[in-house]
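To start, the structure itself, in structure tokens.
The values are calculated or read from the model by the stated rules, or taken from the named source; none is laboratory data. This structure is a prediction, so every number in the text was calculated from the model and none was measured. Note that each Cβ is placed from the backbone with ideal geometry, even for glycine, and that neighbours are counted across all protein chains shown.
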Amino acid sequence: MAVSRTRPSERRREPLSRERIVEAAVELLDATGEGGLTFRALARRLSTGPGAIYWHVTGKDELLGAATDAVVTGTMTGVTSGTTPQEAVRALAVGVFDAIDAHPWIGAQLARAPAQSPLLRVFEHLGRQVQALGVPHAARFTAASALLNYILGVGGQNAANARDHPPAATRAEFLGAVSDSWANLDPDEFAFTRSVADQLRDHDDREEFLAGIDLILAGIAGITARR
């Protein structure tokens, strides 16, 4: 979701609307996280009073949902146009991954409210591609759920890792330090982890994420082939 950088004086001249409130909420969430989203802080950003915001949204939960929906909807624009089902799944998956990377608070919101519209939009798009792949009806829910849970899990973990990096450390330094710690684990208790320590050092999170999507798609193809 594109966020305009509007000066306070310009904001005052614009009529207050739900769209403006949601846009400002996304800006505030990106800057301060969920804990910094209060109606008082939002009112200052919009140069208005908290009471005026309540005319458009009933509370923080609704506002968080609307902000999440706005960002997630933006990731799905055109992702299925002129593509194969596999390409559409990859495009949607990487769109959500990048959205969570850019807006880390989204991951928690999607996981927290599985019955609300932002998550349902992603599930619906994935499900349509699963159906287009010819997956038997009895396996469609499982296939779509596996894709959804992988996207949310890896995207959320990537965002959490980014927040936990020491401020002065680059990604390469961080991965190098973790790789070294893996290489020095007990060889009997952590034989596999030691064996892939060098791969951790050089891997790209985005490429690794898409490789996992391809593994799931290969499994789905295997289900379809057994029909």
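Results, tabulated for the structure shown:
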{"quantity": "Residue match in the stretch 54-65 (condition: closer than 30 Å to THR32 by Cβ, touching a residue at least 40 places away in the same chain (Cβ under 8 Å) and over 15 Å from the mean Cα position of the chain (by Cα))", "calculated": "yes"}
{"quantity": "Single match in ALA93, ALA102 (criterion: at pLDDT 90 or above and closer than 21 Å to LEU152 by Cα)", "calculated": "ALA93"}
{"quantity": "Scan of the stretch 141-157 for residues that are within 18 Å of ASP205 (Cβ to Cβ) and among the small types (Gly, Ala, Ser), ordered by number", "calculated": "GLY153, GLY155, GLY156"}
{"quantity": "Residues (within 23 Å of the chain's Cα centre (by Cα) and aromatic (Phe, Trp, Tyr)) located in the stretch 164-223", "calculated": "PHE174, PHE209"}
{"quantity": "Odd one out for ALA43, checked against (1) under 16 Å from VAL22 (Cβ atoms); (2) of a type in the set (A, V, I, L, M, F, W, C); (3) without any contact (Cβ under 8 Å) to a residue 12 or more places away in the chain; (4) in the same structural domain as ASN149 (by TED's automatic domain parsing)", "calculated": "(4)"}
{"quantity": "Conditions (1) over 19 Å from LEU217 (Cβ atoms); (2) modelled with pLDDT under 90; number of the one not met by MET76", "calculated": "(1)"}
